[in-house]
Each structure stands twice: as structure tokens, then as C-alpha cells.
1. Kindly put 231, 41, 186 in sequence by how many other C-beta atoms sit within 10 Å of each C-beta, fewest to most.
2. Could you tell me how many degrees, from 0 to 90 and to the nearest 10, lie between the Cα long axis of helix 235-246 and the main elongation axis, the longest principal axis, of the Cα atoms of the chain?
3. Please compute the net charge surrounding residue 257, taking Lys and Arg as +1 and Asp and Glu as -1 over other residues with Cβ under 14 Å from its Cβ.
4. Summing -39500 (n - 2.57) over the DSSP H runs of n ≥ 4 in the chain and dividing by its residue number, what mean residue ellipticity at 222 nm do you reach, to the nearest 500 deg cm²/dmol?
5. What's the exposure ranking of 86, 50, going from fewest to most Cβ atoms within 10 Å?
6. Taking only Cα atoms of the range 134-269, what ratio of Rg to Rh do you get with Rh as the Kirkwood inverse-distance radius?
7. Add +1 for every Lys or Arg and -1 for every Asp or Glu among the other residues with Cβ under 15 Å from the Cβ of residue 5, and state the total.
8. Taking the 0 to 90 degree range and rounding to the nearest ten, how far is the long axis of helix 41-53 tilted relative to the main principal axis of the chain, both from C-alpha atoms?
Amino acid sequence: MDMGLRGKSALISGGSKGIGRAISIALAAEGAHVTVASRGREAIDETVDLIRAAGGKATGVAADMTEEAGVAAAVTEATRAFSPPLIAVSNVDAPDARRGAAFRCGLEDATNEEIFEAFDGMVMSVVRLTRAVLPAMKERQWGRLVNIGSKSMKQPHAPPTQKVLSNIGRLGVVGLMKTLSYEYGRYNITANIIATGQIATDLAGDAYKARGVTFAEQEEKMRAQGVGACRFGKPEEMAAVAVFLCSERASFISGVTLGVHGGMQKMLL
């Protein structure tokens, strides 16, 4: 199936590791010209080298994609190397994940500063990236906006997990992407979210390791519960969905928060 991505300029925020790296590689394999943006230069170079070794086209930029300057630098590099991005994938960690596996925060524990930081890092980062790429998308009457989110967007974390910062940020992105689908559909621009389940990334592995649990031990618990696939998802499985949502084939899918979690989400929709 031709995805209609050949020659399209794609900017992947957080594109150097885990799910983001898998998406960068998968889009390049479909002929997209990929700009990998994240903080770490070493991981960026590794991802770009993998893409180029496979015959794909890629460049990279070390940038903090939660900040205006970082977004501007990434869009500038994508435009310089290829053309203005018509595909923008936002992949930013939740504030809870950045603080480590043991971090728990309920509303009474969270400071105003932490709540503002969560909103800025998760919601405003998507706003900044969207504002930077929209003019070219509108001009060319084609664009794809994809956010890598969490199944908590459909069923927010509840006690004892206590992740109020993530809940505030994640659900803010849902409202934003839905609004974008309303406002920009007439330009053939789509806006969607991939609500991931438990995925076997290095970040997830470190979180479980901090709790003294391996992937294999956690999957054994999943099998004991007997819900859904009873395993961790693979970054490549998330990437396959992202490629489809970025493609010409998904031109009539917009405003959707798509759960990709192996059937382990308990919500109906």
C-alpha cells in the first residue's frame, strides 16, 4: 500500500529514542524526509545514521522541544535540509516520567509551579510546534499532526497512582487536538492522538528497574490478570500506527484519540 509519504518533510519531536525513534525510522522507510529533534545529540546521530544506512533521508537537531527556541530551531533545520514540515509528531514525556518511577503527586501535594510546568511542557509544547508548522500546511493544503500520548487520556490515572500532573497535561492535549481537527480540517490537515499502553522502551525499563521489576516479571503479572494481550507493546507497533495516521490513506481520520494498548484499556471508547 502506497502511503503517499514520499518526499514529505516530517519533524519528529522526541524522535531519537524509544517510540520516537521507531516512528522516525518507519516514516523514513516510507520515503518521508525526516528531521529528528530531541535534547541528546548522541541519540539523534544514532537515529539519523540508522535511517541513512537503510537508504532513507534524515537530519537531526539538538533542541528542547518544550521551548519556543527549540521548536524554531527544529523547524528551521527541517526547512533548510528538506522543506517546511507537513508532518509534525509531538512526543514529549509526562512530568511524572521525568521525575522517576517513585514519584507520586496528588493535587494537595502539587505546587502551582509544578502544575504550570506540567501544562507548559505537555500542552504548550504541542501549541508551539503546531503554530510553527501550520502556515506551510495551510499554504500547501495538506498536513498531519500526531501526538504520542497515553491510555490515561481515556482513563486518567487514579489513586494510588496519583499522577495529577500527567492527568492535567494529557487531557489538555486531547482538547487541543480535537479543536485543531475542527478548525483546520478544511485545509486537509488532520490532528490525532495515539494513546499508548505499556510499551517496552528503555524509559519504561528504567522505571520498572527502579521498582525492582523486570519486563518479564511484569508480563507475568499481566498474564495472571488475563486482560488483553498480556504483554508490552513494541515501539515498532506504535510506529506503524503513526505512519498510517500521517499518511494519505488516513485523510478522513481526525480528532481521534486512538487507543493502542493491546486491549488492556477497560474503557468502551
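Bear in mind that the values in this text are calculations on the coordinates, not laboratory data. Remember, predicted model here, so these are calculated numbers, not experimental data. Using ideal geometry, Cβ is built from the backbone for each residue, glycine included, and neighbour counts are taken over all protein chains shown.
1. If I rank by nearby Cβ atoms, fewest first, I get 186, 41, 231.
2. 40 degrees
3. +4
4. Taking each H run of at least 4 residues, the total per residue is -14000 deg cm²/dmol.
5. Values: 86 24, 50 16.
Ordered by Cβ neighbours within 10 Å, fewest first: 50, 86.
6. Expressed as Rg/Rh, it is 1.03.
7. +3
8. 60 degrees
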